[in-house]
């Protein structure tokens, strides 16, 4: 099952100020015990663009430790500040592009916006098959109009985005294990 996690910031400054948290989001979304989730990718985006897209299928030479991820994120964030030169590759499997969230939710069968209100996550995730995109605000709430996303009730006011991503991955992994 294809999974895409999209962490949305209100501005490039907000995105840049949260690099340790973003590094943990990369680990939570893409990494398993001794490797990468090949069925997942992660987008770190400003609502209207630019964005940093981590493609697990193409990602190379990346460790789960925060230090190495901070280096990759630093380079990607520097490229975000040069919008006229985008898209560009920041690292193997890390693309910096001018697109915003709308671009990254296209083509997904299921789209969820993490919110403090909405559908029960267990019942909603149990029905997911095919591809799913999960939109998580970096801080606070984001307006999801135009994305076609269903609100998924998670305590995002108490969880960091990396924790919400880990919770979703664990839940989906359990449901997939039950069906096989």
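If you go through segment 81-103 and keep only what is in contact (Cβ under 8 Å) with a residue 40 or more places away in the chain and closer than 19 Å to residue 29 by Cβ, you end up with 94, 95, 96, 97, 99, 100, 101, 103. Can we say residue 111 is crowded, with 20+ Cβ neighbours inside 10 Å and free of Cβ contacts under 8 Å to residues at least 60 places away in the same chain? Yes.
None of 93, 48, 35 is out of contact with any strand residue (DSSP E or B) (no Cβ under 7 Å at 6 or more places or on another chain), under 26 Å from residue 176 (Cβ atoms) and at pLDDT below 90 except 35.
The values are calculated or read from the model by the stated rules, or taken from the named source; none is laboratory data. Predicted model, so just to flag it, every value in this text is computed and none were measured. Every residue, glycine among them, receives a Cβ derived from its backbone with ideal geometry; neighbour counts consider all protein chains shown.
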